[in-house]
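What follows is a short report on a single structure.
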Amino acid sequence: MNESTVLKSALSPAEIRARYEAIQAEGGMRARNAAARIGVSEGELLAARIGSDVIRLTNDPEGILKDLEALGEVLALTRNDACVHERKGVYHNASFFSHGAVRSGILNNPDIDLRLFMGHWKHAFAEQTPTEKGTRKSLQFFDPAGTAIHKIYLTNHSNEAAYDDLVAKYRDAEQNPGLEVEKAAAKAADRPDAEINWERFRSSWENLKDVHDFFIMLRKYKVGRVQALSGIGNDFAFELENSASRRVLELARDRDCEIMVFVGNQGCIQIHTGPIKKLVEMGEWYNVLDPEFNLHLNEQAIARSFVVRKPTVDGIVTSVEVFDADNELIVSFFGKRKPGVPENPAWREIVDALPLKEMTNVA
């Protein structure tokens, strides 16, 4: 770790833990919110509790993920600042691969469906917190800045003995409280529109063969995602009112249309494929509360929403992409589909029914 990137907390682990315990005594608060209130990362908060209800694990996320199948059904949680994605299931078929220096992973299952970017997985912990309903057990992974990448919680159907064995296997020899975190890298600014060859960029978009090539195309032309959607033209992308996310979920429920919901951060993308049933509004959060899938979307954080059309060998694939004020992707919606199968017309009808923003892009 480069010494210049290490962030030194003004608080010792004991002070962090004392402040956390005071917050909990006041009535409790989620760890992410408590960490923000204390002024530390969530990873630092967790590490401050090592020796009580937290165990530091070795930094071997690939090994841990491959061993998770023995736990049976668990709850997978991936989030960003504005959206939380929770899905119950079993961790089957974890595989990992390298492209040059980039290490990636995938779990492709009907329930636990993840895309993993392993360069961001830095710290791992097991949390075992006493509650009124018994001990809540989890595995939690964080990036170098101490920001949560992915969490795994036991359910009533999990194999608790397998969890205990896994924690024992990956328990780190170093169990002193505390965590050194690194300063998060600043997001690069978009290049000016005038420096982009929009004609060549559009030609590449027109000749896409796979939705997975879209990100590669953005990197090739050094175009920001929102910048691309704003500049490509209305035939490929146009802007919606920011009520569109809620409307997608309502129409999917009302028309019994199975959809795909993608939520991620820099280290993990988590995907739900299936129906949407129970929708509940709670303050600024709009929620899916189904037995196997929960989504919690902070609607106040939504800054821009787009319909995006990408050519593929199976025809046009349509998504709804939702961004925050920093142009970070919050959540994406697709119709349920498989490679080799054209897009579901029912999904396109839902997209066509979404509220357009009054001032759309100019081609």
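The values are calculated or read from the model by the stated rules, or taken from the named source; none is laboratory data. If you're wondering where the values come from, they're calculated on a predicted model, not measured in any experiment. Note that each Cβ is placed from the backbone with ideal geometry, even for glycine, and that neighbours are counted across all protein chains shown. Surface areas here come from the heavy atoms of the whole protein model, side chains and all, with no ligands, DNA or RNA. Shrake-Rupley method; radii C 1.70, N 1.55, O 1.52, S 1.80 Å.
Couple of notes before you dig in:
- Cα gyration tensor shape of region 1-154, rounded if a/c is under 1.5, else prolate or oblate by comparing a/b with b/c: oblate
- Calculated FRET efficiency for the pair LEU7/ASP53, C-beta based, R₀ 22 Å, to 0.05: 0.35
- Qualifying aspartates and glutamates (Cα of each under 13 Å from Cα of LYS151; at least 8 residues distant if same chain): GLU42, GLU86, GLU127, ASP143
- Residue separation of HIS99 and ALA36 scaled by 0.36 nm, minus their Cα-Cα distance, works out to 19.1 nm of gained length.
- Only lysine pairs 8 or more places apart, or on different chains, with alpha-carbon atoms under 20 angstrom apart are counted in region 50-150, and they number 5.
- Cα long-axis angle, helix 244-254 against the chain (0 to 90 degrees, to the nearest 10): 90
- Prolate/oblate/rounded label for region 250-335 (Cα gyration tensor, a/c 1.5): oblate
- Within region 210-265, trypsin sites (Lys or Arg not before Pro) in DSSP loop having at most 15 other beta-carbon neighbours inside 10 Å: LYS222, ARG255
- Between 0 and 90°, nearest 10: helix 160-170 axis offset from the chain longest Cα axis: 80
- Local electrostatic count at ALA31 - Lys and Arg +1, Asp and Glu -1, tallied over other residues with Cβ under 14 Å: +4
- Highest mean first, the peptides 62-74, 112-124, 271-283, 38-50 sorted by other C-beta atoms within 10 Å per residue fall in the order 38-50, 112-124, 62-74, 271-283.
- The chain: angle of helix 13-25 to the longest principal axis, Cα-based, in degrees nearest 10: 80
- The stretch between LYS338 and LYS222, if pulled fully straight at 0.36 nm per residue, gains 38.8 nm over its current Cα-Cα span.
- The 3J(HN,Hα) values that the Karplus relation (6.51, -1.76, 1.60; θ = phi - 60°) gives for region 229-235 are, in residue order, 5, 6, x, 6, x, 5, 6 Hz. Gly and Pro appear as x.
- Region 30-163, relative contact order [Cα under 8 Å, separation at least 6], %: 26
- Surface composition of region 1-141: carbon and sulfur make up 49 percent of the accessible area, probe 1.4 Å.
- Cα centroid separation - region 296-334 against region 126-156, whole Å: 29
- Label-point gap, in nm, between ASN234 and ALA184 - each point 7 angstrom along Cα→Cβ: 3.6
- Solvent-accessible area per residue, Å², over region 10-57 with all protein chains present [probe radius 1.4 Å]: 47
- Averaging the sequence gap over all C-alpha pairs within less than 8 Å and six or more residues apart, then dividing by the number of residues, gives the chain a relative contact order of 17 percent.
- Close amide H partners of ASP113, meaning residues 5 or more places away or on another chain with modelled amide H under 5 Å apart, are ILE271.
- Label point 7 Å beyond Cα of ASP172 along Cβ direction - residues of region 38-54 with amide nitrogen under 20 Å: 40-54
- Sites GLU284 and GLU62 - FRET efficiency at Förster radius 25 Å, r taken between beta-carbons, to 0.05: 0.10
- Using a cutoff of 8 angstrom between alpha carbon atoms and counting only pairs six or more residues apart, the relative contact order for region 111-230 works out to 15 percent.
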